[in-house]
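The values are calculated or read from the model by the stated rules, or taken from the named source; none is laboratory data. Remember, predicted model here, so these are calculated numbers, not experimental data. Please note: Cβ atoms are built from the backbone with ideal geometry, for glycine as well, and neighbour counts cover all protein chains shown.
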Amino acid sequence: MKSRKIFNRIAVLRIERKMSRQELAEKIGVNFQTIGYLEREEYNPSLDLAFRISEVFKLPIPFIFSTKPLKALSDELLNKKTNN
């Protein structure tokens, strides 16, 4: 079975928090190159790795990862404001 592409917001969240790839890698217990592969969507995270990333950013997994392209965070915020 062919695996699906997993889209993510890792780079945006990492940069927003002024965190280097190396720092994130150390927090989740992987090589810093793995962070690059994840950010470029060349590698799908395991469920365990997705949970570890979610815990570091203190955000739910569906906010970070999706099987569909993710909207820009600014678009998500605008949609939330107009729907309230």
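Details
- Positions within the range 42-65 being hydroxyl-bearing (Ser, Thr, Tyr) and over 10 Å from the mean Cα position of the chain (by Cα), in sequence order: Tyr43, Ser46
- Scan of the range 1-52 for residues that are closer than 16 Å to Leu73 by Cβ, among the hydrophobic types (A, V, I, L, M, F, W, C) and touching a strand residue (DSSP E or B) at 6+ places or on another chain (Cβ under 9 Å), ordered by number: Phe7, Ile10
- Within the range 9-84, helices (runs of 4 or more DSSP H) holding 2 or more residues that are of a type outside the set (D, E, K, R) and modelled with pLDDT of 95 or more: 10-16, 21-28, 32-39, 47-57, 61-64
- Condition check for Ser46: touching a residue at least 12 places away in the same chain (Cβ under 8 Å) and either at positive phi or not hydrophobic (A, V, I, L, M, F, W, C) (or both): no
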